[in-house]
Amino acid sequence: MPAVNEFLGTNYEIDDIEDFYIDRTLIPPERVEEWQKFMAGRNFYENPDILPDAIEVIEKLNQQYQIYIYSSCVTRLNIAGSGRMFADKYDFLIKYLPFLDPEHFIFTSVKHLFTADIQIDDRVENFDNNVEMKILFPSYHNKHFDENELRQKGIICAGREWRTGWKEIEKILLN
């Protein structure tokens, strides 16, 4: 969101957005090429806004579970430059989650290809149907999912508020 605000000279907050693709929602079509140039070469992970309780809860989970990070690093804004994002995300993970095993970092854009006992994600389409426990992390773009629809897909919703999502996951998995 900071990059969008910097580019547009606006003050949007994450709660103002409902589409996963923030740029598609806010960047005017006539400025897309300019936006792509603006974003090229930027490190998306240089000054992160880390979600409340994320590091502490992940560290607790790591003591009880074998954690693998499946994460996308390909950006449709700059496919050719996406390779650099792999290094940027890796550096971010090493810096902020040093207790995780780097050999458990899997960078992909096709998360549903991997099977696990538990999967946490903020996008329903990323869940693998073969995963026993699927936990939807609350985010700006998924707050309108119907609880019954999620339940039919075998998905547990970790609340509706992204600010408390990690505490909700802690309650689900550690209590």
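The values are calculated or read from the model by the stated rules, or taken from the named source; none is laboratory data. The structure displayed is predicted, hence computed values, not measured ones. We place every Cβ from the backbone using ideal geometry, glycine too, and count neighbours over all the protein chains shown.
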Only residues that are surrounded by 13 or more Cβ atoms within 10 Å (Cβ to Cβ) and farther than 20 Å from Gly41 by Cβ: list them for the range 89-108, please. Leu93, Tyr96, Leu97, Leu100, His104, Phe105, Thr108
Flag for Asn175 being of a type in the set (S, T, N, Q) and closer than 13 Å to Asp121 by Cα: no
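Could you identify the single residue in Arg123, Arg84 that is surrounded by 12 or more Cβ atoms within 10 Å (Cβ to Cβ), assigned by TED's automatic domain parsing to the domain that holds Gln66, out of contact with any strand residue (DSSP E or B) (no Cβ under 7 Å at 6 or more places or on another chain) and over 23 Å from Ala158 (Cα atoms)?
On the way: Arg123 fails: over 23 Å from Ala158 (Cα atoms).
The unique qualifying residue is Arg84.
Pick from Ile22, Ile67, Ile27: which is under 21 Å from Ile118 (Cβ atoms) and surrounded by 15 or more Cβ atoms within 10 Å (Cβ to Cβ)? Reasoning before the result, please.
Numbers: Ile22 fails: under 21 Å from Ile118 (Cβ atoms); Ile27 fails: under 21 Å from Ile118 (Cβ atoms).
Just one listed residue meets the conditions, Ile67.
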Report, ordered by the first and then the second residue, all pairs with beta carbons closer than 8 Å, sequence separation of six or more or different chains, a first member in the range 97-111 that is more than 17 Å from Ile50 (Cβ to Cβ) and touching a residue at least 40 places away in the same chain (Cβ under 8 Å), and a second member that is surrounded by fewer than 18 Cβ atoms within 10 Å (Cβ to Cβ) and of a type in the set (Asp, Glu). Lys111/Asp128
Looking at (1) at pLDDT 90 or above; (2) out of contact with any Cys (no Cβ under 6 Å at 6 or more places or on another chain); (3) closer than 20 Å to Leu51 by Cα, which is the one condition that is false for Lys89? (2)
Can you work out which of the residues in the range 45-77 that are modelled with pLDDT under 95 and of a type in the set (Asp, Glu) is farthest from Ile94 (Cα to Cα)? Asp49
